[in-house]
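Participant: Before we start, here is the structure in question, set down as C-alpha cells.
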Amino acid sequence: MTASDLPPGAGRPAPYAARVTPRAVFAVFCALGVLDLAAVALGWHVVALAAKPLLMPVLALWAARQGAPRALVAALLCGWGGDVLLEVGGAAFLVGMGCFAAGHVCYLRLFARRGALTGGRARYAAYGALWAVMVVLLWPGLDPGMRGPVAVYSLLLTAMAAGSYGLNRIAAAGGALFLLSDTLIATDLADWPQPPGPGVWVMLTYLAAQALLAAGVLGTGGAAWAPSATLPRAHREAPAYGGSAPAPRPGAAS
C-alpha cells in the first residue's frame, strides 16, 4: 500500500481537542470547583464570578466527550444559564430559576426514557410530603412575589429528585444533593438562620449534584471518570457532539 492508497487524513495526528480525555476535562472541572469554593469561602468575589460561569460548560464538555445524550448536555447548560442569571440578581433571578427548571425537565425526560419514573409510589409519596412540608414552613418568610415561583420550582425540583432515585444510586445521590442545595437557597430567601459559610455549602452540594446526575445518566458508574470511557450501546442516545456514537469497549454489552 502506498501513501496514495490511504484515506484522506490517514497518518495525521489527531486534533488536540480529540486527544483530550474525559478524565482531563473532569480534572479541569474539579480544579475550577475548588477555585470557586475557595473564592466563596475567602470572599474573593471577582474570582468567584470568573470561575462559576465556567463550571457547567466544562462539565457539559466532559459529558459530551463520552457521547452524552443531547438532553443531558442541555440540562447542564441550563444550569450554566441559571448560575449566571442568579448572580445578576433582581428580575434576572426569576429567569435563572426558569433556566434551572428547564434543566430539571431535561433530566426528567432522560429518566423517563430509561423507565426510571415508573412505579415507586412510596418514593413519590415521601418526596411529595417533603415538598409540602418545606413549602408550608418557608411560605411565611418568603416575599409575596416569590411564593408562587418558589412553590412551582421546588415541585419540579422534587419531582426530578424523586425520578433520579429510580435510575440508579449515583443519580439518586445527585438528585438528593440538588434538592439540599436549593433548599439552602430557599431558606436564605425566607430569612432563616444560615450555617457558617452558606455559600460554600450551596456550591459544594450543587457541584456534586450536577456531577453525580451526569454520571448517573451516562450509566457508566466509576468508568465515567476513565480516559477511554464509553457508554454501553443500550444506554446511548443521540450524541451531543454530532456524528456517530463511539464504539463500545471490548466485552461491553451489545
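Participant: So if I check each of GLY120, GLY96, which one is out of contact with any strand residue (DSSP E or B) (no Cβ under 6 Å at 6 or more places or on another chain), within 16 Å of ILE185 (Cβ to Cβ) and surrounded by 13 or more Cβ atoms within 10 Å (Cβ to Cβ)?
Facilitator: Going through GLY120, GLY96 in turn, the sole match is GLY96.
Participant: Next question, about the same structure. Tally time: how many residues in the stretch 137-179 are more than 22 Å from LEU94 (Cβ to Cβ) and either hydroxyl-bearing (Ser, Thr, Tyr) or in a helix (DSSP H, G or I) (or both)?
Facilitator: 13
Participant: Sticking with this structure for a sec: For the stretch 165-181, check the following and say yes or no: at least one residue is of a type in the set (D, E, K, R), surrounded by fewer than 22 Cβ atoms within 10 Å (Cβ to Cβ) and farther than 26 Å from ALA214 by Cα.
Facilitator: So far as the stretch 165-181 goes, no, none of its residues is of a type in the set (D, E, K, R), surrounded by fewer than 22 Cβ atoms within 10 Å (Cβ to Cβ) and farther than 26 Å from ALA214 by Cα.
Participant: Just for the stretch 136-152: of the residues that are under 16 Å from MET97 (Cα atoms) and of a type in the set (A, V, I, L, M, F, W, C), which one is surrounded by the fewest Cβ atoms within 10 Å (Cβ to Cβ)?
Facilitator: Across the stretch 136-152, the extreme among qualifying residues is VAL152.
Participant: Name the one entry in ALA75, ALA68, ALA51, ALA64 that is surrounded by 18 or more Cβ atoms within 10 Å (Cβ to Cβ), under 16 Å from ALA209 (Cα atoms) and hydrophobic (A, V, I, L, M, F, W, C).
Facilitator: Going through ALA75, ALA68, ALA51, ALA64 in turn, just one is surrounded by 18 or more Cβ atoms within 10 Å (Cβ to Cβ), under 16 Å from ALA209 (Cα atoms) and hydrophobic (A, V, I, L, M, F, W, C): ALA75.
Any read-out appearing in this document is the output of simple, stated calculations on the displayed coordinates, not a laboratory observation. Computed from a prediction, not measured in an experiment: that's the story for all the values here. Reconstructed Cβ throughout: ideal geometry from the backbone, glycine too, with neighbour counts over all protein chains shown.
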